[in-house]
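The values are calculated or read from the model by the stated rules, or taken from the named source; none is laboratory data. Everything numeric in this text was worked out from a predicted model, so none of it was measured. Here the Cβ is made from the backbone with ideal geometry for all residues, glycine too, and neighbour counts use every protein chain on show.
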Amino acid sequence: MQPLYHDAEHTPPRTRGTGHPGLWFERFYNRYNANWQVDTTSKQDFLQSLLGHHDNKHQCRVGTDSKLERHAHSLAAIARQQGGMSIERQSSWHFVTGLGNPHPVENGLTWHPVLGVPYLPGSAVKGITRAWLELNDYDAQTRKRLFGSDDKDPRKARAFADEPELISGEVIFFDALPVQPVTLMIDTMTPHMGDWYKKGDNKPGGAANTPADWHAPNPVVFLAAADVVMSFAVAPRLRPGMNKAQREESLALAQLASQALSDALEHQGAGAKTAAGYGTFVALDETNERKAVQRRKEYEENLQAREEEAALAGMSPEQRQLAVLLEGMQQLANQNAGSGAEFHREVLSTLEGSVDWPQLEQDALVDAVRDFMKKYKLKNKEKEAKRIIREVLKREL
């Protein structure tokens, strides 16, 4: 199928930092010649235009901090709500996934459809974990509980005890997402024995079909990622009607899967070209661990602020005023006669203006003001508060 471009230059090169790079990569290739063919130079030109420049660095950063952090935190929250866990790991070198995806430059890349960064689908995370457990000789029944039936063909699926032949796994594997922008770069592989791989078995002995040093390398450019910090999450598949023992068993399986995934990422690698050292993910270094702690702190603070805003939005005006005052009373500066003078005036003003408040909110305000003034020995303000309560609110002390 030929692309429906008006001409070879119909699609402009991507400007660095604009648009969804995955969409540009997968849909907007515009380096075909007049015969709709692609040469090596065209491939490199397109990848450079994707990165947004033509200098010798051949790198750019993709992804938006706020969006990546929000998705990573949401992913971790979903896993925790299911009784699962999430881990963050950083790439020790380059990372590439989806090389087998069809593309005019010969090698593809798997892009997140929303975030515009390379990522690992949950199916790939599941496959990495399963491969590691198989490599380490975990028994077939444990693997079946973790991942489900070995074969979806009922004629080939194996059953244990009284369970059905076809079952789903007891662990959910989520997509692995970067938590911060990723460095995208142009990498090169140099295969030089293509004829031996293609024809060596059926035409052995020829000079072109023999693996040797005289073959000329054939440089092939492709996109790879570096500086990847990725969040991985797993959770037990909790079903209605499960008793406590069954839930604990599922949680133990999820913990086993999480540990196996961590080991697989470090020793086996993820994505493509793992035999060449790509795709190894290790524990966070000091810098990235500090960033992770800061991200979690900011996320929790923002979450708490949003929850407080939502709670305030559902209150009456009197309840909101009361909530704000109660929060102010917890601040150390407001508990001192000198530094809290302005806040104390606000408290007395609110108390005086509460004459028309609903009885429940007025009672709560009066009690809070009394306790606050007495606890922190604000005698002058306590005296004024008692006067307002007695003369304005017409209440007994």
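Among the residues of the stretch 194-227, the ones that are crowded, with 17+ Cβ neighbours inside 10 Å and touching a Pro at 6+ places or on another chain (Cβ under 6 Å) come to 2 in all. Total residues in the stretch 103-132 satisfying the condition of being more than 26 Å from Ala72 (Cα to Cα) and either among the aliphatic types (A, V, I, L, M) or touching a Phe, Trp or Tyr at 6+ places or on another chain (Cβ under 7 Å) (or both): the figure is 3.
Within the stretch 374-397, being β-branched (Val, Ile, Thr) and farther than 16 Å from Ala364 by Cα holds for one residue alone: Val392.
On the stretch given as the stretch 90-132, residues that are crowded, with 21+ Cβ neighbours inside 10 Å and aliphatic (A, V, I, L, M) total 8. When each of Phe232, Phe222 is tested for being in contact with a helix residue (DSSP H, G or I) (Cβ under 7 Å, 6 or more places away or on another chain) and aromatic (Phe, Trp, Tyr), the lone residue that passes is Phe232. Within the stretch 189-208, the only residue that satisfies the criterion of being among the polar types (S, T, N, Q) and either over 29 Å from Asp45 (Cα atoms) or modelled with pLDDT of 90 or more (or both) is Asn202. Scanning the stretch 230-261 for residues that are in contact with an Asp or Glu (Cβ under 8 Å, 6 or more places away or on another chain), hydrophobic (A, V, I, L, M, F, W, C) and surrounded by fewer than 23 Cβ atoms within 10 Å (Cβ to Cβ) gives a single hit, Leu253.
For every residue, the table says whether it meets (1) out of contact with any Pro (no Cβ under 8 Å at 6 or more places or on another chain); (2) β-branched (Val, Ile, Thr); (3) within 30 Å of Ala72 (Cβ to Cβ).
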position: Gly277; (1), (2), (3): yes, no, yes
position: Ala310; (1), (2), (3): yes, no, yes
position: Gly314; (1), (2), (3): yes, no, yes
position: Ala341; (1), (2), (3): yes, no, no
position: Val347; (1), (2), (3): yes, yes, no
position: Glu352; (1), (2), (3): yes, no, no
position: Pro358; (1), (2), (3): yes, no, no
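Of the residues making up the stretch 64-88, those that are in a helix (DSSP H, G or I), surrounded by fewer than 20 Cβ atoms within 10 Å (Cβ to Cβ) and among the aliphatic types (A, V, I, L, M) are Leu75, Ala77, Ile78.
Within the stretch 116-135, the set of residues being in a loop (DSSP other than H, G, I, E, B) and out of contact with any strand residue (DSSP E or B) (no Cβ under 7 Å at 6 or more places or on another chain) comprises just one member, Pro121. Cβ-Cβ distances below 8 Å connect the following pairs, each with a first residue in the stretch 262-287 that is closer than 14 Å to Arg130 by Cα, a second residue that is surrounded by fewer than 18 Cβ atoms within 10 Å (Cβ to Cβ), and a separation of six or more residues or different chains: Ala264/Ala131; Leu265/Val282; Gln268/Ala131; Gln268/Leu135; Gln268/Thr274; Gly269/Gly277.
So which of Phe281, Phe232 is closer than 13 Å to His94 by Cβ and hydrophobic (A, V, I, L, M, F, W, C)? Just one listed residue meets the conditions, Phe281. Based on what the data block shows, is Arg370 surrounded by fewer than 18 Cβ atoms within 10 Å (Cβ to Cβ), of a type in the set (Lys, Arg) and either under 21 Å from Glu308 (Cα atoms) or assigned by TED's automatic domain parsing to the domain that holds Glu308 (or both)? Criteria not met by Arg370.
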